[in-house]
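Structure first, commentary second.
The values are calculated or read from the model by the stated rules, or taken from the named source; none is laboratory data. Quick caveat: nothing in here was measured; it's all calculated off a predicted structure. We place every Cβ from the backbone using ideal geometry, glycine too, and count neighbours over all the protein chains shown. The accessibility values were calculated without ligands, DNA or RNA, using every heavy atom of the protein model including side chains. Shrake-Rupley method; radii C 1.70, N 1.55, O 1.52, S 1.80 Å.
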Amino acid sequence: MKIEILRDLFKKALNASEKITRKISSLPALQNVLMTVEGNFLELTTTNLETTIRWWVLAKVSKKGQVAVPATFLANVVNLIPAEKLDLREDGQNLIITTPDQEVQIQGQDPAEFPIIPKISKNDFWQIETTTFTQALGLVVDIPAVSQIRPEISGVLIAVKADILKIVATDSFRLAEKTIKLNKNQGKDCSFILPQGAARELMNIFSQENGEISIFYNPNQALFELSNQEMSYPQINVLSRLIEGAYPNYQDIIPKKFVANLTINKDELVSQIKKAGLFSGRSSEVRLEITPKDGKLKVFSQTIETGKNEATLPCRAEGIAVKISFNYKFLLDGLNSVKGAEVTLELSENEGPCILRPVGDNSFLYVLMPIKL
Amino acid sequence: MPFSTIASPKETLPESADSQAAISNEELWQAVLAQIQFSVSRANFATWFRNTQIISNKNGEVLVSVPNSFSREWLGNKYQTAILKILRDLDNNIRLVEFTVDAESEKTKRATEAMSRPTAVFASATETQQQFPELNVNQKTNLNFRYTFESFVVGEFNELAHAASWAVAEAPGVTYNPLFIYGGVGLGKTHLLQATGNRLAALFPKLRVVYSNSERLVSKIVDSIKNQTIGELKNSLSKVDVLIVDDVQFLAGKDKTQEEFFHIFNTLFQNQKQIILSSDRPPNAIPALEDRLRSRFEGGMIADISFPTIESRIAILKSKCEQGGIVLADEILEFLAANIQKNIRDMEGALNRVAALQKINKAAINLADVKKLLHNSLVAPKKATNFKKIIQAVSSFYDLNKEDLLLVTRRKEIVKPRQIAMYLLRQELQESFPSIGRRFQGKDHTTAIYAFEKVTQKIEEDSTLATEVNLIKQRLYSEV
């Protein structure tokens, strides 16, 4: 191969692709980026067998070809070459990068050892705007917990029904659901569980891009494809394995009946919860006491080691007086996902699940189980 | 034989498909692997050939299952020819080899893993951070696997219900059908029902067991009426082998649901499918329940769960302590058991609070601490009732409007609840008879005296009425 390429485009693609590579002694090819020159593009491929990233960079091609070199190493090198344009060529299995005043040679490996990326039929798909998608993923992506017992909840549920997309995650203590209205009715309903790692990569990669992602899927895999803005050629492909199994019937978790609810300034509550969290010790427990008739919320925490903390906040509340305890970290996670100045907290009876929502926005909710008193 | 219609053996093991083959698929694949290992690097062999197997060998076409899409691409692109060549050497009828990603074998693996879940989940039960209980629910049956017979404490208060449930779990559709279990709030009805369901599912894996509480059933029926899919719902429900419906008293007054449920009930019953129901009162005490449904409910076995004796309550607490690894002095357990008599769930709640206190203190706590901790919850309920609550409880129990109870009328369906309300006002609040009379549109105090005495006397004679009054009292104090 022999090409000329803009260094910044190459660097960006490389830095994003490099993140998923792994050093595994049984399959050393996985630490490589496979560089393939075809047509007018340089294609970078990396995979860890769960997530696969393919990235096409427009290049001036003199000769086709293929090399596989360690991805992280290459990225480190390219980050330190301050040139506008790079010349790339292969020499045997090695990659040679030249600029007018520099030359580096990187030891490569046999490209044929690189895993063959599975294809996916492009029959079933739907589309979504990148920013909407990555922001929605960002609200839930940190929630799943790796679980051997229940692998199905260790990923993010992505479900499309007619023109409604729901993105859901839970770790059995809390659950977040984001609802998005898609631009057009997608015809076929679809639902799959995306591994948490893949969801993170999607966020990292697509949050810097604009345009529409097309999402293709089959029972084993899903492909997220962003087309080139300038021409109809894919620019970025992220292929992910899907988690098998059925996602729990999460609608049953969302409570429908409440004994009390309160509306409160978010920032004030966040800072009080943070402060209470400092006093909560290992149990992470902070107690909330809601007295609707006085319009007050008391935040309380105490441990023998640290001392105790108490604060009273004004709020608008309805229903009965309730005392309830939460893990403050979970509560903060929920509050931080809620956009807007005010939040509503709805409480169900008998220490049942509670719901946190932004005021005036029905598209997001965060269900949280309290700590038993 | 009640099961002849149910169990059609569905096991189509891949091997059985081609029993006439000279060597088994397993041996065939072993032979392939044995040869191919020489032409593949060790690392590649371990990566791409792991968990592969032949799942069918028919008409010269061999289908190999691989664990993921990457393996399929790799084997299909790089080793197809080599594998086919080796296969042909072993059996020259073979002319094609294909690879497929096999999700099935993964699923069976998961299913067996799922069976071993209870222990894993139970370990976290002592943690105070609660989990979503719905996640412990089997999606097919709706049963929560944490409810088992093993964790159910049997005492004389529930031994009949337990024995009947056990019998049903051993031989569904045969002994007691329908089985109707009733008893107060928090005494273990749901536990018993779910344990029966879980045991049935374990003993007879082929039976379709479905558990639902009536609220969910009602909302399902309402939804399906709205979406005009009632036929589908009925169809899917009439295919189950064991239907368990919890808290059927909530069907009261929902006529359309009752009608649909009646049809489902009949279909199942005629096909000798097991039906298990629970309620907080016997069928004849459920108001606004159609007679035909009531008589169906009464047609099988009715077993009650009454209040546990103090010995049973202590036994329950001890078993809870064991499960949760809680260590408490006997006198504390006795105190809890002696003071919370009417609701096992409340008693367990109190136990959890005591355990939490002990955990925070990191030292054994004594009886005085416990008394202080539970002071509010033990004393409060007695004082917490009032006129409004009594009227509310009585009217909701008999499915009346609150206003109806205060009407000046001699309609039979109102007179009895009104007398019970007067009785409760006297008994629970020690109100004077004249003031009770005044509350009911200025009735004379003698009316109140008459009502009180009549109810007192009738409770002695009529056990149904006694149960009803007890249940109303329970609702009165169990509501937060």
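Of A:S25, A:S17, all but one fail to be small (G, A, S) and open to solvent by 40 Å² or more (accessible area, probe 1.4 Å); the exception is A:S25.
Applying a threshold of 9 Å to beta carbon distances and a minimum spacing of six or more residues, or different chains, the list of pairs starting in region B:201-219 at a residue that is assigned by TED's automatic domain parsing to the domain that holds B:H191 and at pLDDT 85 or above and ending at one that is open to solvent by 60 Å² or more (accessible area, probe 1.4 Å) and small (G, A, S) reads B:K206/B:S8. Evaluation of A:T131 against the conditions (1) surrounded by fewer than 18 Cβ atoms within 10 Å (Cβ to Cβ); (2) more than 30 Å from A:L332 (Cα to Cα) shows that the sole unmet condition is (2).
Which one of these does A:T52 not meet: (1) surrounded by fewer than 18 Cβ atoms within 10 Å (Cβ to Cβ); (2) hydroxyl-bearing (S, T, Y); (3) under 33 Å from the mean Cα position of the chain (by Cα)? Here A:T52 clears every test but (1).
A:R200: touching a Leu at 6+ places or on another chain (Cβ under 9 Å), over 22 Å from A:I236 (Cα atoms) and open to solvent by 10 Å² or more (accessible area, probe 1.4 Å), yes or no? Criteria not met by A:R200.
Here is a yes/no grid of residues against (1) assigned by TED's automatic domain parsing to the domain that holds B:T267; (2) outside any helix (DSSP H, G or I); (3) acidic (D, E); (4) surrounded by fewer than 17 Cβ atoms within 10 Å (Cβ to Cβ):
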residue	(1), (2), (3), (4)
B:N177	yes, yes, no, no
B:I221	yes, no, no, no
B:Q228	yes, yes, no, yes
B:L237	yes, no, no, no
B:V240	yes, yes, no, no
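A single member of B:E215, B:E159 is away from chain A (no Cβ under 14 Å), closer than 28 Å to B:K473 by Cα and among the acidic types (D, E), and it is B:E159. Residue count for region A:288-322 under the criterion of being away from every other protein chain (no Cβ under 14 Å), of a type in the set (G, A, S) and on the phi < 0 side of the Ramachandran plot: the result is 2. So, A:L365, is that one touching a strand residue (DSSP E or B) at 6+ places or on another chain (Cβ under 8 Å) and either outside the structural domain of A:D171 (by TED's automatic domain parsing) or buried (at least 17 other Cβ atoms within 10 Å of the Cβ) (or both) or not? Spelling it out, A:L365 is indeed touching a strand residue (DSSP E or B) at 6+ places or on another chain (Cβ under 8 Å) and either outside the structural domain of A:D171 (by TED's automatic domain parsing) or buried (at least 17 other Cβ atoms within 10 Å of the Cβ) (or both). Of the residues making up region B:402-418, those that are modelled with pLDDT of 85 or more and either open to solvent by 30 Å² or more (accessible area, probe 1.4 Å) or not aliphatic (A, V, I, L, M) (or both) are B:V415, B:K416, B:P417, B:R418.
Considering region B:127-141, the residues that are at the interface with chain A (Cβ under 9 Å from one of its Cβ atoms) and part of a loop (DSSP other than H, G, I, E, B) include one that is farthest from B:A201 (Cα to Cα), namely B:T128. In region A:175-287, counting only strands (runs of 3 or more DSSP E) that sit wholly within it, the ones holding 3 or more residues that are within 14 Å of chain B (Cβ to nearest Cβ) span A:190-195, A:221-227, A:234-241. Of the numbered criteria (1) in contact (Cβ under 8 Å) with a residue 24 or more places away in the chain; (2) over 19 Å from the mean Cα position of the chain (by Cα), the one B:S295 fails is (1). Against the definition (surrounded by fewer than 20 Cβ atoms within 10 Å (Cβ to Cβ), away from every other protein chain (no Cβ under 14 Å) and in contact with an Asp or Glu (Cβ under 9 Å, 6 or more places away or on another chain)), how does B:Q37 come out, yes or no? So B:Q37 does not fit the description; no. Close Cβ contacts (under 6 Å, 6 or more residues apart or on different chains) running from residues in region B:263-284 that are assigned to a loop (DSSP other than H, G, I, E, B) to residues that are surrounded by fewer than 19 Cβ atoms within 10 Å (Cβ to Cβ) comprise B:Q272/B:P2. For region B:425-480, a tally of residues being open to solvent by less than 30 Å² (accessible area, probe 1.4 Å), of a type in the set (S, T, Y) and over 20 Å from B:K388 (Cα atoms) returns 0.
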